[in-house]
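Q: Sharing a structure here in structure tokens format.
The values are calculated or read from the model by the stated rules, or taken from the named source; none is laboratory data. Just so you know, these numbers come straight off a predicted model, no measurement behind them. Backbone-built Cβ (ideal geometry, glycine too); neighbour counts: all protein chains shown.
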Amino acid sequence: MKHNAQWHSATIRAQRDLSPSVREFEIRPERGVRPWSVGSHLDLRVVVDGREEKRSYSLVGLPHAPGDAPGADEVYRIAVRRAEPGRGGSRWLWGLQTGDELLIGEPNNHFEIGWQAPYTLLVAGGIGITPILGMALQLAQRGAPLRMLYAARCTDELIYRDTLQAALGERLCTLCSDAGQRIDLDAEIAALPSGGQLALCGPLSLMDAARAAWQRSGRPAAGLRFETFGNSGQHAAEAFWVELPRHGLRFEVPAGRNLLDMLEEHGVQALSDCRRGECGLCAMDIVQVQGTVDHRDVFFSAAQKQANERLCACVSRVCGGGVVLDSAFRPD
Ligand code: FES
């Protein structure tokens, strides 16, 4: 792999299966662990179909503190769900052995919560537990008022449940969809004291439902904090065609690739930042669609997604055909 200033060498120090579909990795950076805060993610260089790509994973647990077990300050910890079908990054990581080398970036935090809020409601769906776990542990350590809702498909997939149970006790509520249990977001938000915050991470459907419920409640937008992994949509990923008349281009986006990467590969300059459907920088104008746009971002509102006038190129896709797009950029 090619090294550059952004990437640093690291080694897999240990790994363990937390559930049939989630594996935890301890990653030991060659130049030592950098200070990080709860909510941070770590970029990893993965190899997908022979190509190097970047993936972001939340750092799990709490940053090192004095009194921790020896060696606890030497590693970053991430938990990776093997996504089938997925974009291939998790398959590559699951193929790594203890002792293998990889390239990593430095911790970065786009998911800070307010530590002074009078009350915090934490909501985690599936693998969305990874950033929420540290928040729950840190809030509990500080003696801050909180309640946590943790939903998964089945009991086996409630990873870190014992740790959470020990730290939160009655304040933890777990739900399993295979038992027909669902989070009642409207009721939970209604019960939140004034000035309370909601922090959540989970699949797109949970994000959309939470954003809509938060808006219905009339609470200030700043009280809702969320993070998405930007890779789950309403439809399974399939190949689709893209046409850019301004650039005289037409190409296919394969099922395992994203539109933004393909635009860049074809020399189309596109703005981007988060590459997870959160910031909206990569939004492009839709001129015409054949099939259905699978909006996978959390940037546009439900009404904007329905209007289908723009899409986030980093995560959104098309099913059953393709799309004619316009970008503000001129060809090189
Ligand atoms: S780059 Fe942020 S939404 Fe696409």
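Here is a yes/no grid of residues against (1) within 22 Å of the chain's Cα centre (by Cα); (2) at pLDDT 95 or above:
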site	(1), (2)
ASP186	no, yes
ALA190	no, yes
LEU198	yes, yes
LEU206	yes, no
ALA210	yes, no
PRO220	no, no
ARG225	yes, no
GLY230	yes, no
GLU238	yes, no
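Q: Among the residues of region 197-209, write down those that are outside any helix (DSSP H, G or I) and buried (at least 19 other Cβ atoms within 10 Å of the Cβ). Please lay out each step first, then the result.
A: Of all residues in region 197-209, those outside any helix (DSSP H, G or I) come to 197-203.
Residues satisfying the conditions are GLN197, LEU198, ALA199, LEU200, CYS201, GLY202.
Q: Still on this structure, please answer the following. For residues that are within 13 Å of the ligand (Cβ to nearest atom) and part of a strand (DSSP E or B), scanning just region 258-307, find the one that is surrounded by the fewest Cβ atoms within 10 Å (Cβ to Cβ).
A: Only one residue tops the list, namely ALA283.
Q: Could you pull out the residue among GLY125, GLY114, GLY169 that is over 21 Å from the mean Cα position of the chain (by Cα), not assigned by TED's automatic domain parsing to the domain that holds SER58 and not aliphatic (A, V, I, L, M)? Walk me through how you get there before you give the answer.
A: Numbers: GLY125 fails: over 21 Å from the mean Cα position of the chain (by Cα); GLY114 fails: over 21 Å from the mean Cα position of the chain (by Cα).
Just one listed residue meets the conditions, GLY169.
Q: In region 210-243, which residue that is part of a helix (DSSP H, G or I) and surrounded by 20 or more Cβ atoms within 10 Å (Cβ to Cβ) is nearest to the ligand (Cβ to nearest atom)? Don't jump to the end; show me each part of the working.
A: The initial filter retains those residues of region 210-243 that are part of a helix (DSSP H, G or I), namely 210-217, 221-223.
Still in the list and also surrounded by 20 or more Cβ atoms within 10 Å (Cβ to Cβ): 210, 213-214, 223.
Details: ALA210: 18, ALA213: 22, TRP214: 20, GLY223: 22 Å.
Per the stated criteria, the residue is ALA210.
Q: Would you check if there is a residue in region 197-214 being out of contact with any strand residue (DSSP E or B) (no Cβ under 7 Å at 6 or more places or on another chain) and over 23 Å from LEU121 (Cα atoms)?
A: No, every residue in region 197-214 fails to be out of contact with any strand residue (DSSP E or B) (no Cβ under 7 Å at 6 or more places or on another chain) and over 23 Å from LEU121 (Cα atoms).
Q: Restricting to strands (runs of 3 or more DSSP E) lying wholly in region 54-160: which have 2 or more residues that are under 21 Å from ALA210 (Cβ atoms) and in contact with a helix residue (DSSP H, G or I) (Cβ under 7 Å, 6 or more places away or on another chain)? Before the answer, list the steps.
A: Numbers: elements: 76-81, 101-104, 120-125, 146-152.
Here the list reads 120-125, 146-152.
Q: Still on this model: Answer yes or no: is there a residue in region 189-199 that is in contact with a Leu (Cβ under 6 Å, 6 or more places away or on another chain), touching a residue at least 60 places away in the same chain (Cβ under 8 Å), over 25 Å from HIS295 (Cα atoms) and of a type outside the set (A, V, I, L, M).
A: no
Q: If you don't mind, another one. Could you list all residues from region 244-257 that are within 16 Å of the ligand (Cβ to nearest atom) and farther than 17 Å from GLY320 by Cβ? Please lay out each step first, then the result.
A: Initial filter on region 244-257 (within 16 Å of the ligand (Cβ to nearest atom)): 253, 257.
ARG257 - this is the single residue of region 244-257 that is within 16 Å of the ligand (Cβ to nearest atom) and farther than 17 Å from GLY320 by Cβ.
Q: A further question follows. Condition (residue is within 19 Å of LEU103 (Cβ to Cβ) and crowded, with 19+ Cβ neighbours inside 10 Å) applied to region 60-71: is it met by at least one residue?
A: Within region 60-71 (the criterion being within 19 Å of LEU103 (Cβ to Cβ) and crowded, with 19+ Cβ neighbours inside 10 Å), the answer is no, since none of the residues qualifies.
Q: List, please: which pairs have Cβ atoms under 7 Å, are six or more places apart or on different chains, and start with a residue in region 250-268 that is closer than 21 Å to TRP92 by Cβ and end with one that is modelled with pLDDT of 90 or more and aromatic (Phe, Trp, Tyr)?
A: Taking only residues 6 or more apart or on different chains, the pairs are VAL253/PHE240; MET262/PHE251.
Q: Restricting to region 49-59, name every residue that is touching a residue at least 40 places away in the same chain (Cβ under 8 Å) and surrounded by 17 or more Cβ atoms within 10 Å (Cβ to Cβ).
A: Within region 49-59, GLU53, SER56, TYR57, SER58, LEU59 meet the criteria.
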